[in-house]
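Visitor: The following block contains the structure, expressed as structure tokens.
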Amino acid sequence: MTESQQGAVIKTQGVTKEYADNGVPVKAVRGIDLTIDRGEFTAIVGPSGSGKTTFLNIISGLDNPSGGKVYLAGRDLSQMSGSELSNYRRDHIGFIFQAYNLIPVLTVQENVEYIMLLQGIERDERRERVQQVLEQLGLGKMISRRPPQLSGGQQQRVAVARAIVSRPDLVLADEPTANLDSETAEDLIGLMRQLNEQDGTTFVFSTHDDRVIRHARRTVVLKDGKIKSDEIR
Amino acid sequence: MWLQVKLAWRNVLRNTRRTIIAAIAIGVGLASMIFVDALTIGMEHNMIHSATASYMGHAQVHNKQFTDTREAASTINGLDTLLQQLRNDSLVKYASPRILGQGMISSPANMSAVQMIGVDPTVERYVSHIDDALVEGGYFADTAGRAVIIGSKLAERLEVELGDRVVMTMAEATSGNLSQQMLRVRGIYHFNSTELDQGMAFVRIDRARQLLALPDQAHEIALVFNKEGLGRKTKHPFYDRYSYDGNLVEGWSEILPQLEAALQMSQFSTYIVGLVLFAVVSLGIINTLFMSLHERMFEFGVMRAVGTQPIGMARLILLEAAALALISVLLGVILGWLVTSIVAQHGIDYSGIEFAGATFREPLYPVLQTDQFIRFPVMVFLFTLIVAVYPAWSAAKLNPADAMRKSM
């Protein structure tokens, strides 16, 4: 393993993804080489159909690439079994999806502590960390509410809380602001940026919203499944 | 695990209407099984009781040759000793000796072939229910010992009424000479069974012995046990104990094999009904669980994405099935108890219908047993879990990316 792989949270080498859409072969990702280091705040940008979500799914181990290699914190994902991948995601990656992120029948507290339950963390520690994170995100008073009782912005904050509470190496967010109004969207991205700066949490998020993109320190633009540009501010 | 239990329970209650409909479907299935089983048991009791209590008794002793040939001369060997032994046996409640003979009964108006049954009225009244079935007259209510009790159809045929004289003609057992006795009709019974109402005539055993010239003999000893079930358990040592000296003891299930076959058929029918109900219930469960699964595809995708193992997903579906089964079983047990209890109060009137050699004399009363409220609910619960394995396996196999993509 090289030095750069050890410092990198994610490293992809020639990643491709092809799938059949109603029998028609689609090349969603066409050979992406990308390295994301710890502490980065990176936006994967591109129009609809550019391969953002597919790429995020591949680097998180949710989907298998058709070709190429993906290293997550130095480990080759292709060498892991399904069960190992599940555990790896649980312990190293936090997820934020664009909507319907939360389990609607669980309270805010139960949603946030869900991953820690899977990790087998003791009840007292779980509760303490949940309380701490929710306070940090301004959700301290909503601990007993269920997702349908929260606004879209609040639900996404809870999703952020769930993503960071187990202190993962990487938080992946797939269009986290897609269903939010612009003010709430900026607020959410501001919060993610704040967590990145304070705690050094690595964030990689996909978006095509310009107001969100300007918060990113690094912007990787995809087009037709390939990297069109990669800029660091 | 506790969170999964909580999650499963809340998920089941999430779509209340669907859960209630599924629970009613499963519950009605369970209630039907309880009801059908209770009805089958009631029907068995009724049929056995109707067959044995009218005339036959729970078991009978005959000379083995009589069983094969029905020859009048083949009487029970060692009657007095055997009768004494049987009456002293703790398993036997009543033992009634009988003389049986085929002959002719005639009145001034008509004549008919008849089976004469000579009985000892004092003990016979506890074995056969002729006295209960009397519609006219009394039970051997005479002092001269010339009473004959005949069935309503035979009385019609002979055109006789109470007090009328009839003549019974028999062939003596050993000589074959014809022998006649003048008798007086003292009772008319109605069992609502053609065989009993038309073909039989009851006289005192002494009179019958005279007619057949068989002093102190009997062709049959009808037995009533303290426990009705013994009449069906023909492998019980009791049967061997008294089948000696050329005599043979047979339970009702051997004497009336068609009834035993009918009972087995009804049990088999119950199993078939149970299987059909289980099949319907299983489709309902699978449908409910799959609907629930497809509705929450994205949610399952998220759960898999954040690290829930496939086995955890399967466990969640199985727990949801268990929660659904619990609600359904509770509903089914209440419904089953309620419906069966109501029907058991009033009964279903099949009286008079003849089936497999037995005539229903009383309404059918479903019989509720504790076992039905343990065996069937446990079966439905376990069956629900078994059926849920398929949706659980599907949930476990979900690819998180596909699950989220499909639901977008």
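Computed from the coordinates by the stated procedures, all read-outs in this text should not be read as laboratory data. Every value quoted in this text rests on a predicted model; they were computed, and no experiment measured them. FYI the Cβ positions are ideal-geometry reconstructions off the backbone, even for glycines, and counts take in every protein chain you see.
Visitor: Explain nothing, just the number: dipole magnitude of segment A:3-232 about its Cα centre with +1 on each Lys and Arg Cβ and -1 on each Asp and Glu Cβ, in debye rounded to the nearest 20. Walk me through the numbers before you get to the answer.
Guide: Working: 28 positive and 31 negative charges, 43 e Å.
Computed charge dipole of segment A:3-232: roughly 200 debye.
Visitor: Taking amide H atoms as placed 1.01 Å from N in the peptide plane, list the residues 5 or more away in sequence, or in a different chain, whose amide H sits under 5 Å from that of A:Thr202.
Guide: Correct list: A:Gly39, A:Val171.
Visitor: Okay, moving on. At 1.567 mPa s and 4 °C, plugging the Kirkwood radius over alpha-carbon pairs of chain B into Stokes-Einstein gives what diffusion coefficient in µm²/s? Walk me through the intermediate numbers first.
Guide: Working: Rh = 25.5 Å.
The estimated diffusion coefficient comes to 51 µm²/s.
Visitor: In addition: For segment A:74-233, max minus min Cα coordinate along each principal axis, in Å, sorted largest first?
Guide: Each principal axis gives a Cα extent; for segment A:74-233 these are 47, 42, 28 Å.
Visitor: For chain B, set up a Gaussian network in which alpha carbons nearer than 10 Å are linked by springs, and say which option among B:Arg157, B:Arg241, B:Arg98 fluctuates the most.
Guide: Maximum fluctuation in the GNM of chain B, among the listed residues, is at B:Arg241.
Visitor: Which of the GluC sites (Glu not before Pro) found in segment B:100-180 are loop residues per DSSP with 15 or fewer other Cβ atoms within 10 Å of their Cβ? Present the calculation step by step, with values, prior to reporting the outcome.
Guide: On the way: sites: B:Glu124, B:Glu136, B:Glu156, B:Glu159, B:Glu161, B:Glu172; in loops: B:Glu159, B:Glu161, B:Glu172.
Passing both the DSSP loop test and the Cβ count: B:Glu159, B:Glu161.
Visitor: Enumerate the helices in chain A for which the Kyte-Doolittle hydropathy averages -1.0 or more and the C-alpha atoms extend at least 24 Å along the helix's axis, using complete DSSP H runs.
Guide: Helices meeting the span and hydropathy rule in chain A are A:182-199.
Visitor: While we're looking at this one, here's another question. State the answer as a single residue: which of B:His129, B:Ala213, B:Ser96 lies farthest towards the positive end of the charge dipole of segment B:93-216, with beta carbon charges of +1 for Lys and Arg and -1 for Asp and Glu, about the Cα centre.
Guide: Final value for the positive-end residue is B:Ala213.
Visitor: Where q = 0.09, 0.12 Å⁻¹, what log10 of I(q)/I(0) comes from the Debye formula for the protein assembly as shown, counting one point per Cα?
Guide: Reported log10 I(q)/I(0), two decimals: -0.79, -1.14.
Visitor: For segment B:20-35, what does the Karplus curve 6.51 cos²θ - 1.76 cosθ + 1.60, with θ = phi - 60°, yield as ³J(HN,Hα) per residue in whole Hz, taken in order and with x for Gly and Pro?
Guide: 4, 4, 5, 5, 5, 4, 5, x, 5, x, 5, 4, 5, 5, 4, 5
Visitor: Give the angle, between 0 and 90 degrees and rounded to the nearest 10, that separates the Cα long axis of helix B:2-14 from the longest principal axis of the Cα atoms of chain B.
Guide: 80 degrees
Visitor: To continue, here is another question. Using a simple charge model, +1 on the beta-carbon of Lys and Arg, -1 on the beta-carbon of Asp and Glu, nothing else, what dipole does the protein assembly as shown show about its Cα centre, in debye to the nearest 20?
Guide: Numbers: 62 positive and 67 negative charges, 448 e Å.
Taking the Cα centre of the protein assembly as shown as origin, the dipole is about 2160 debye.
Visitor: Taking H as built 1.01 Å from N, whose amide H comes closer than 5 Å to the amide H of A:Ile96, not counting residues under 5 places away?
Guide: Amide H to amide H, under 5 Å and 5 or more residues apart or across chains, A:Ile96 pairs with A:Leu172, A:Ala173, A:Asp174.
Visitor: Here is a follow-up. Work from the charge dipole of the protein assembly as shown (Cβ charges, +1 for Lys and Arg, -1 for Asp and Glu, about the Cα centre) and give the residue of B:Gly145, B:Gln84, A:Gln149 farthest towards its positive end.
Guide: Ranked along the dipole, the leading option is A:Gln149.
Visitor: Would you mind checking the pairs A:Lys27/B:Lys6; A:Lys11/B:Lys397; A:Lys69/A:Lys223; B:Lys153/B:Lys227; B:Lys64/B:Lys93; A:Lys69/B:Lys397 and listing those with alpha carbons more than 31 angstrom apart? Can you show the working numbers first?
Guide: On the way: A:Lys27/B:Lys6 42 Å; A:Lys11/B:Lys397 28 Å; A:Lys69/A:Lys223 20 Å; B:Lys153/B:Lys227 33 Å; B:Lys64/B:Lys93 23 Å; A:Lys69/B:Lys397 24 Å.
From A:Lys27/B:Lys6; A:Lys11/B:Lys397; A:Lys69/A:Lys223; B:Lys153/B:Lys227; B:Lys64/B:Lys93; A:Lys69/B:Lys397, over 31 Å: A:Lys27/B:Lys6; B:Lys153/B:Lys227.
Visitor: Can you give me the Rg/Rh ratio for segment B:1-62, using Cα atoms for both radii and the Kirkwood formula for Rh? Walk me through the numbers before you get to the answer.
Guide: Details: Rg = 23.2 Å, Rh = 15.8 Å.
Answer for segment B:1-62: 1.47.
Visitor: In whole Hz, what ³J(HN,Hα) sequence does segment B:255-265 give by Karplus (6.51, -1.76, 1.60; θ = phi - 60°), x for Gly and Pro?
Guide: 6, 10, x, 5, 6, 4, 5, 5, 5, 5, 5
Visitor: Now a separate question. Across 10 Å bins from 0, what is the distribution of all Cα-Cα pair distances for segment B:93-216, in whole percents?
Guide: Histogramming segment B:93-216 at 10 Å steps yields 14, 50, 31, 4, 0 percent.
Visitor: How high is the relative contact order of segment A:3-232, given as a whole-number percent (alpha carbon pairs under 8 Å, six or more residues apart)? Please report the intermediate quantities before stating the final value.
Guide: Values: 448 pairs, mean separation 67.5, N = 230.
Computed over segment A:3-232, the figure is 29 percent.
Visitor: In whole Hz, with x marking every Gly and Pro, tabulate ³J(HN,Hα) for segment B:389-394 from phi via Karplus 6.51 cos²θ - 1.76 cosθ + 1.60, θ = phi - 60°.
Guide: Per residue, the Karplus-derived 3J(HN,Hα) values read 4, 5, x, 5, 5, 4 Hz.
Visitor: Search the structure for amide H atoms under 5 Å from the amide H of A:Leu222, placed 1.01 Å from N in the peptide plane, and list their residues when 5 or more places away or on another chain.
Guide: It is A:Val45, A:Gly46, A:Lys228, by chain and number.
Visitor: Of B:Ile26, B:Val114, B:Leu275, which is farthest towards the positive pole of the protein assembly as shown's charge dipole, taken about the Cα centre with +1 and -1 on the beta-carbons of Lys, Arg and Asp, Glu respectively?
Guide: B:Ile26
Visitor: Could you give the size of the charge dipole of chain B about its Cα centre, using +1 on the Cβ of each K and R and -1 on the Cβ of each D and E, expressed in debye and rounded to the nearest 20? Please report the intermediate quantities before stating the final value.
Guide: Values: 33 positive and 36 negative charges, 471 e Å.
With only Lys, Arg, Asp and Glu charged at Cβ, the dipole is about 2260 debye.
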